[in-house]
Amino acid sequence: MTELRDDAFLLRAVDYRDHDRIVTLLTREHGAIGVMARGARRSRKRFGGALEPFQRVAITWKPGRGLGTLAEAVVRRSHPVLLGSLAKLRVAGEATAFVRMLCAEGQAEPVVFDELDRFFAHLGAPGETAVSSGAPPGSPSPWGSDVAALGLAFRMRLLGLFGASPELEVCGVSGLPCPDDRPAYFDPTRGTLVSRRHGGGPFLLAASTRARLRAAASEDWAEVGFSAEELEEATPAIDAFVREHVGARSHG
């Protein structure tokens, strides 16, 4: 079969036998793929250190009936600043796992790929700067040093892209809209707001928190920003929603 070329991010790597490695890659044009990287464990020179997480690589690979075969991988863009921060590494790892959870093998998701590239650019920017579409390198970042907020916004963006966003405007029982200027109860099992009259939910989200979460599900996610209070309020609610819906979906 003809060799293919694409750009990719490493989603997962598993050692195989003595010298090889089975890797899952998110490619821009071919979606998530599984390939055998022969000799990857024997020598870093085999792929030039390209089979490391959080960097964009150019790959040459050959599809197979099961696993494909990775012929070449060359680093296109790395983020050394990211590698120097434990907090950034944790958020980057969580984001990568979330992408792997959502992306079906062999289904092209170029927008997801581009947003992951954008996410790493923000996360890997030096100091309190970020690289975003339409903004030059070194421009002020809405995230400051709070990388957890960036991770939350990225997850909301992915949920929006896959049509899996929680309902944060309407009561899931009555169908009535919640006023934009009032707090509302959120039930992660239903995935919707639930008015107090209909039993409410375990999480009370302020109006501003709901507005930020909705904005983060859009293409402007990288410019949203969360206050410390909004982040503290939103994170456990979205974590619970993901466990209920995305986790079940990925194993279904």
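The values are calculated or read from the model by the stated rules, or taken from the named source; none is laboratory data. Note that this is a predicted model, so its numbers are computed, not measured. Using ideal geometry, Cβ is built from the backbone for each residue, glycine included, and neighbour counts are taken over all protein chains shown.
A few remarks follow.
- Number of residues in region 183-210 that are hydroxyl-bearing (Ser, Thr, Tyr), more than 25 Å from the chain's Cα centre (by Cα) and under 23 Å from Val224 (Cβ atoms): the value is 1.
- The condition (being modelled with pLDDT of 95 or more and either in the same structural domain as Val246 (by TED's automatic domain parsing) or aliphatic (A, V, I, L, M) (or both)) is satisfied by just one residue among Ala87, Ala92, Ala40, Ala50: Ala92.
- Of the numbered criteria (1) aliphatic (A, V, I, L, M); (2) modelled with pLDDT under 95; (3) farther than 17 Å from Arg214 by Cβ, the one Ala149 fails is (3).
- Scan of region 38-58 for residues that are within 24 Å of Glu94 (Cβ to Cβ) and of a type in the set (A, V, I, L, M, F, W, C), ordered by number: Ala50, Leu51, Phe54, Val57
- Yes/no for Arg182 being on the phi < 0 side of the Ramachandran plot and out of contact with any helix residue (DSSP H, G or I) (no Cβ under 7 Å at 6 or more places or on another chain): no
- Qualifying residue in region 77-99 (condition: touching a Ser or Thr at 6+ places or on another chain (Cβ under 7 Å) and among the aliphatic types (A, V, I, L, M)): no
- Cβ pairs under 9 Å, 6+ apart, first in region 105-122 and touching a residue at least 12 places away in the same chain (Cβ under 8 Å), second hydrophobic (A, V, I, L, M, F, W, C) and part of a loop (DSSP other than H, G, I, E, B): Glu109/Cys103; Glu109/Phe162; Val112/Cys103; Val112/Phe162; Phe120/Phe54; His122/Trp143
- Single condition Leu123 does not satisfy, out of (1) at pLDDT below 90; (2) surrounded by 13 or more Cβ atoms within 10 Å (Cβ to Cβ): (1)
- Given (1) touching a residue at least 40 places away in the same chain (Cβ under 8 Å); (2) in contact with a Ser or Thr (Cβ under 6 Å, 6 or more places away or on another chain); (3) more than 23 Å from Leu123 (Cα to Cα), number of the condition Leu4 does not satisfy: (2)
- Checklist (1) in contact with a strand residue (DSSP E or B) (Cβ under 7 Å, 6 or more places away or on another chain); (2) assigned by TED's automatic domain parsing to the domain that holds Arg243; (3) aromatic (Phe, Trp, Tyr) applied to Phe203, failing item: (2)
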